[in-house]
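**Q** I have a structure here, written as structure tokens, and I will follow up with some questions on it.
The values are calculated or read from the model by the stated rules, or taken from the named source; none is laboratory data. As the structure is a computational prediction, the values presented were derived from the model and not from experiment. Positions of Cβ are generated from backbone atoms using ideal geometry, with glycine treated the same way; all protein chains shown enter the neighbour counts. Each accessible area value is taken on the protein alone, full model and side chains, heavy atoms only, with ligands, DNA and RNA left out. Shrake-Rupley method; radii C 1.70, N 1.55, O 1.52, S 1.80 Å.
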Amino acid sequence: MAIPEEEAKLERFIAWLQVNGAELRGCNINYSDSRKGFGIFASSSTAASDDVLLVVPLDLAITPMRVLQDPLLGPECQKMFQQGEVDDRFLMILFLTLERLRKNSSWKPYLDMLPTRFGNPLWFSDDEILELKGTNLYHATVLQKKKLLSLYYEKVEVLVKKLLILDGDSESEVSFEHFLWANSVFWSRALNIPFPHSFVFPQSQEDVEEGSSTSHTPETVPVSSNEEKDIQAQVPGANSVGSGDTVWVEGLVPGIDFCNHDLKPVATWEVDGTGSVSRVPFSMYLLSVAQRPIPNKEISISYGSKGNEELLYLYGFVIENNPDDYLMVHYPAEAIPIIPFSDSKGQLLEAQKAQLRCLLPKSVLNNGFFPQTTSKVRESDEKETNRSCNFSWSGQRKMPSYMNKLVFPEDFMTGLRTIAMQEEEIYKVSAMLEELVESRPDEQPSETEVRMAVWEACGDSGALQLLVDLLNAKMMKLEENSGTEEEDTRLLDDACIFESHEEPRDLDGRRMSRNKWSSVVYRRGQKQLAKLLLKEAEHALHLALSSSICD
């Protein structure tokens, strides 16, 4: 239940939304809990026939265009943007930083509703961040924190102080935490919005009917058609696609952004350019996808198929046993110059457009040697059958029987094959390609032909052995600081979680902050995936070696 202070904020925000043209038709915005903050809930008065739950005019969106045309911040941002010093995301983060500090900001009812702290690793204490050691998130967080600090002291601090004074406020003090807050607000709440083209680039003034009483917000100031390209070049994030009817722009939409994530969402959002669905032209609306929302039950949307690594980094939460988890595996690019025959291998890698890193989603295991669930469709079949094609100089190496069970992407396997090549295999590939060039003097070998030559010369044994080594190294790194998957499971089973801003209670050492719990859930998932993928790679290596002996 919301405390009185939160209820007062909510009342001011609802009034602000309604004044600005938003309509809560089949939902209410209520306090969810201390972890989620506010959320959107189905109202008891929702009509069965009305699937539109919430409508927000696009005029209310915070976009790069709005920032560039802001009377106070716009001129400074225009200078920085034209000099190539900043991008569209920085503009919105800077806007949020300033507006939070302005005493008379017109955005105050919205900004007051937003969390004051976040659960992403940038907000972790020194002890909490150590729980991520050995994972990709640890280094990503350390580097990002360093980058944001540099950005703050080089560009943000002095500019925001200057703008506050110009706004008549010489008392407010800006800090790095204000900038960090704005950064977290943007990354956890921004949407990639398909704005109608006519909204971003309205018709020219001479085409507007004389005497029209239509008012224009910064986004809808009329422009002539010959200005459009100049504006699009000046407005970062405004990217036209398709037939030109849509311009994709990142931005925040107050109201819609209070929808929380669920693996089984009951709603989605859409943009209505004409008002044919929502009855409000140029709006974003929340659409129910359930048969009928359950009164007073929270309405969720999907943030997309994201693993815990991405959820924790961007949004500050994790999902136990997340079906969309993935593991990043890579061969270090810095090691290539010191491997034998690095120049030849580098040329072959480039010719094949090979990859030295890949994301391995948990779902690929369903198609492997040890499937977690039954799957009828294998998405990578088409790519793999390409390897069964033979050229005039090939055909000596048979396609292995395990090919349709190999869960590792062909682009990545191509890279590993090339890195693992022995001297005689390099000579063999060179001979094959030279023979091909001699038969077609005016044509260079294609990417597919080079891949086939490398595969025929090498097979999969070397690549799979290298993959096993990489996965073993990955597992050792994950376990080095935090122990095994089983130890993480014991920690989670015994944990009594408290929110990071709360005072922990003494519970025989079982107390665990929410941030630490999220870290343990994430790293355990990484260890589970590494173990399962290692098992797949080891089995494939065994089959590849057995196949080589038979040949």
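**Q** Applying the selection to the range 1-16, what residues are within 16 Å of D112 (Cβ to Cβ) and either open to solvent by 60 Å² or more (accessible area, probe 1.4 Å) or of a type in the set (D, E, K, R) (or both)?
**A** Hits for the range 1-16 are I3, P4, E5, E6, E7, K9, E11, R12.
**Q** For the range 435-454: of the residues being of a type in the set (D, E, K, R) and under 19 Å from E350 (Cβ atoms), which is least open to solvent (accessible area, probe 1.4 Å)?
**A** Going through the qualifying residues, I end up with E449.
**Q** If I filter the range 306-326 for residues that are touching a strand residue (DSSP E or B) at 6+ places or on another chain (Cβ under 6 Å) and over 27 Å from S34 (Cβ atoms), do I get at least one hit?
**A** yes
**Q** Identify the single condition in (1) surrounded by 20 or more Cβ atoms within 10 Å (Cβ to Cβ); (2) touching a Gly at 6+ places or on another chain (Cβ under 7 Å) that L191 does not satisfy, given that it satisfies every other one.
**A** Result: L191 passes all but (1).
**Q** Give the residues of the range 11-54 that are within 29 Å of the chain's Cα centre (by Cα) and either of a type in the set (G, A, S) or farther than 25 Å from F282 by Cα (or both), sorted by residue number.
**A** Passing the criteria: A22, N30, Y31, S32, D33, S34, R35, K36, G37, F38, G39, A42.
**Q** Give me a count of the residues in the range 274-290 that are open to solvent by 10 Å² or more (accessible area, probe 1.4 Å), farther than 29 Å from E320 by Cα and among the hydrophobic types (A, V, I, L, M, F, W, C).
**A** 3
**Q** Please specify each residue of the range 434-454 satisfying the condition of being in a helix (DSSP H, G or I) and either within 21 Å of M399 (Cβ to Cβ) or among the acidic types (D, E) (or both).
**A** Listed by number, the residues that qualify are E434, E435, L436, E438, E447, T448, E449, V450, R451, M452, A453, V454.
**Q** Within the range 297-338, can you find the residues that are assigned to a loop (DSSP other than H, G, I, E, B) and among the charged types (D, E, K, R)?
**A** The answer is K297, K306, E320, D324, D325.
**Q** When residues of the range 248-273 are filtered for being open to solvent by 10 Å² or more (accessible area, probe 1.4 Å) and in contact with a strand residue (DSSP E or B) (Cβ under 8 Å, 6 or more places away or on another chain), how many remain?
**A** Summing the residues that are open to solvent by 10 Å² or more (accessible area, probe 1.4 Å) and in contact with a strand residue (DSSP E or B) (Cβ under 8 Å, 6 or more places away or on another chain) in the range 248-273 gives 14.
**Q** Within the range 240-259, track down each residue that is part of a strand (DSSP E or B) and either more than 21 Å from the chain's Cα centre (by Cα) or modelled with pLDDT under 55 (or both).
**A** Passing the criteria: S240, V241, T246.
**Q** In the range 455-488, which residues are open to solvent by 40 Å² or more (accessible area, probe 1.4 Å) and either in a helix (DSSP H, G or I) or touching a Cys at 6+ places or on another chain (Cβ under 8 Å) (or both)?
**A** The answer is Q465, D469, N472, A473, M476, K477, E479, E480, E486, E487.
**Q** If you check I129 against the conditions, is it part of a helix (DSSP H, G or I) and either in contact with an Asp or Glu (Cβ under 9 Å, 6 or more places away or on another chain) or loosely packed, with under 14 Cβ neighbours inside 10 Å (or both)?
**A** Here the answer is no, as I129 does not meet what is asked.
**Q** Quick one: what pairs do we get from the range 12-40, first residue in contact (Cβ under 8 Å) with a residue 40 or more places away in the chain, second open to solvent by 40 Å² or more (accessible area, probe 1.4 Å) and aromatic (F, W, Y), C-beta under 7 Å, 6+ apart or different chains?
**A** Every condition considered, the pairs that remain are F38/Y31.
**Q** Here are some residues: Q372, Q396. Which one is exposed (fewer than 12 other Cβ atoms within 10 Å of the Cβ) and either modelled with pLDDT under 95 or not in a loop (DSSP other than H, G, I, E, B) (or both)?
**A** Q396
**Q** May I ask you to list the residues in the range 70-83 that are open to solvent by 30 Å² or more (accessible area, probe 1.4 Å), outside any helix (DSSP H, G or I) and hydrophobic (A, V, I, L, M, F, W, C)?
**A** L72
**Q** Here's a follow-up. May I ask you to list the residues in the range 17-69 that are open to solvent by less than 50 Å² (accessible area, probe 1.4 Å) and among the β-branched types (V, I, T)?
**A** I29, I40, T46, V52, V55, V56, I62, T63, V67
**Q** Going through the range 252-306 one residue at a time, which ones are more than 30 Å from Q526 (Cα to Cα) and in contact with a Lys or Arg (Cβ under 6 Å, 6 or more places away or on another chain)?
**A** Matches in the range 252-306: L252 only.
**Q** In addition: For the range 308-327, state whether one or more residues are crowded, with 23+ Cβ neighbours inside 10 Å and under 16 Å from R25 (Cα atoms).
**A** Scanning the range 308-327 turns up no residue that is crowded, with 23+ Cβ neighbours inside 10 Å and under 16 Å from R25 (Cα atoms).
**Q** Ok, one more. Checking P293 against (1) surrounded by fewer than 19 Cβ atoms within 10 Å (Cβ to Cβ); (2) over 22 Å from the mean Cα position of the chain (by Cα), only one condition comes out false. Which one?
**A** Evaluating P293 over (1) surrounded by fewer than 19 Cβ atoms within 10 Å (Cβ to Cβ); (2) over 22 Å from the mean Cα position of the chain (by Cα) leaves (1) as the failure.
**Q** Any residue in the range 86-94 that is out of contact with any Lys or Arg (no Cβ under 9 Å at 6 or more places or on another chain) and not in a helix (DSSP H, G or I)?
**A** Yes: the range 86-94 contains one or more residues that are out of contact with any Lys or Arg (no Cβ under 9 Å at 6 or more places or on another chain) and not in a helix (DSSP H, G or I).
**Q** Suppose the filter is in a helix (DSSP H, G or I), over 20 Å from S344 (Cα atoms) and at pLDDT below 85; does N404 pass it?
**A** no
**Q** Now a separate question. Taking the range 446-497 on its own, how many of its residues are of a type in the set (S, T, Y) and touching a residue at least 60 places away in the same chain (Cβ under 8 Å)?
**A** Looking only at that region, the number is 3.
**Q** Is it true that some residue in the range 341-357 is closer than 28 Å to L132 by Cα and open to solvent by 70 Å² or more (accessible area, probe 1.4 Å)?
**A** Looking for residues that are closer than 28 Å to L132 by Cα and open to solvent by 70 Å² or more (accessible area, probe 1.4 Å), one finds at least one in the range 341-357, hence yes.
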